[in-house]
Amino acid sequence: MAILSPRRRRSAAVSVAAVAVTAAAGVAFAVGGASAGTVSGTLYRDPSSAVVRWVAANPGDSRAAVIRDKIASQPQARWFANFNPSTVQSEVSGFVGAANAAQQIPVLSVYEITNRDCGGASAGGAPDLNQYQTWVSNFARGLGNQTVMIILETDSLALQTCLSGAELNARNQALTTATQTIKSANPNAKVYLDGGHSTWNSANDTANRLRAAGVQYADGFFTNVSNFNPTSSEANFGRAVISALNGMGISGKRQVIDTSRNGGASGDWCADDNTDRRIGQYPTTNTGDANIDAYLWVKPPGEADGCRYAAGSFQPDLAYSLANGAPNPPTTAPPTTTPPTTTPPTTTPPTTTPPTTPPPTGNGCSASVSLNQWAGGFTTSVNVTAGSAAINGWTVTITLPGGAAITGAWNAQASGTSGTVRFTNVSYNGRVGAGQTTNFGFQGTGTGPGATASCTAS
């Protein structure tokens with residue numbers, strides 16, 4: 001699926017100095033322990049994103065290490081931009097199910113509104129608003145019941161110049177209904193509406209547009225998608241919007257900021273033609289600001305705007321330009337849990353005989369299965385662990401219950417869809433160090449497999 005890029009507008013009043021300040025003051029690449037907004041947890045890194053696939057396919061490219069370490073390693077939004085009402089539910093459930101299995105928070109960017117981008121470089125969307133609501137309903141049914149973050153319709157509120165009064169009212173109602181549909185399907189979904197950015201519409205105008213589109217039913221708004229404004233400017237703008245909403249009697253709303261490429265430099269808004277941009281703050285829910293739920297990479301770094309390259313296409317030269325010279329991602333220190341001081345219980349340990357299967361030795365491997373089941377479907381996460389010596393490839397064999405069928409897999413190639421299915425490594429995860437673990441997963445219909453899986457090393 002091509003991930004489309006919204007066309008961004010910039011105010012003529014924006015000065016070069018205001019944009020260039022990002023590198024000095026607007027981007028902090030490590031966040032302290034201060035509390036964040038209403039979202040906490042680790043964001044989901046999509047193992048099948050365009051940048052991950054490119055890195056895997058081009059290990060010898062001189063740009064690959066920088067792109068791998070500073071972009072492919074990071075969580076980014078998955079865009080849902082194709083009008084596919086018959087398949088969107090399964091696509092969403094597969095993506096969300098994989099994130100749930102990893103106990104991480106997925107970010108989904110919905111870009112499907114009728115007459116999106118006012119017919120510009122990213123034109124498309126649902127043919128009409130009735131079909132849009134059908135698509136949204138199917139989308140929502142795939143969201144599960146755990147925390148997800150939804151970026152709902154970039155540009156839909158900030159860019160309205162092509163809409164008549166009646167069309168604007170219809171769009172506002174469509175966004176309100178979409179928000180309510182998503183929240184009804186998954187009460188733990190965090191839904192954010194379009195807030196444009198700090199150099200587009202005023203804070204009061206933005207607040208009025210958000211209110212008309214039903215922000216009272218959402219969790220807040222997003223800003224700076226596909227743009228380059230400093231994080232500090234966006235945060236100040238967000239506070240002004242929140243204050244304006246409070247003045248309208250709409251309280252408790254929060255902001256998320258796209259920091260995917262706001263790490264400095266001025267010039268043309270289109271990244272296709274500007275090689276001086278840099279990635280901004282790495283994605284996190286630990287913002288240290290109670291008004292901001294997350295810094296996200298909504299626009300995947302390295303994907304084109306539609307000026308020089310096709311909108312949404314991954315371009316390694318753009319990715320390398322954004323990543324080269326940028327700071328390394330922050331490292332997370334292991335938890336410093338204090339050992340318990342309570343005297344351990346004196347209960348006699350159970351006498352159950354331990355399993356007789358020894359851990360793998362030499363060039364062997366083992367596989368463990370974790371299942372996430374719901375009515376009619378499942379996702380499965382499988383850990384593959386090497387024995388006392390490294391392995392250069394693996395095959396995991398799993399027997400599915402009767403009636404179950406696989407509909408997709410990630411980080412592995414599946415042979416078969418029902419009965420006994422063999423999964424083999426892909427190019428980038430076949431080598432596993434001694435005692436180390438890699439992971440793959442798959443989704444399907446019916447009842448998922450139990451915990452039994454066999455692993456063969458090669």
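Derivation of every value follows stated rules applied to the coordinates shown; laboratory data play no part. Everything quoted here is computed from the prediction, not taken from an experiment. Virtual Cβ from ideal backbone geometry, glycine too; neighbours counted across all protein chains shown.
Structure values in brief
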read-out	value
Breaking point among (1) farther than 25 Å from residue 92 by Cα; (2) of a type in the set (S, T, N, Q); (3) in a strand (DSSP E or B), for residue 388	(3)
When residues of region 418-448 are limited to those that are among the hydroxyl-bearing types (Ser, Thr, Tyr) and touching a residue at least 24 places away in the same chain (Cβ under 8 Å), the one nearest to residue 89 (Cα to Cα)	445
Selection within region 157-178 - surrounded by 18 or more Cβ atoms within 10 Å (Cβ to Cβ) and assigned to a helix (DSSP H, G or I)	171, 172, 174, 175, 176, 178
Every residue from region 416-458 that is out of contact with any strand residue (DSSP E or B) (no Cβ under 8 Å at 6 or more places or on another chain) and crowded, with 16+ Cβ neighbours inside 10 Å	428
Selection count where residues are hydroxyl-bearing (Ser, Thr, Tyr) and surrounded by fewer than 22 Cβ atoms within 10 Å (Cβ to Cβ), scope region 131-156	3
Unique residue being crowded, with 24+ Cβ neighbours inside 10 Å and farther than 24 Å from residue 108 by Cβ when the list is 203, 207, 244	207
Extreme residue, surrounded by the most Cβ atoms within 10 Å (Cβ to Cβ), among residues of region 74-130 that are part of a helix (DSSP H, G or I) and on the phi > 0 side of the Ramachandran plot	117
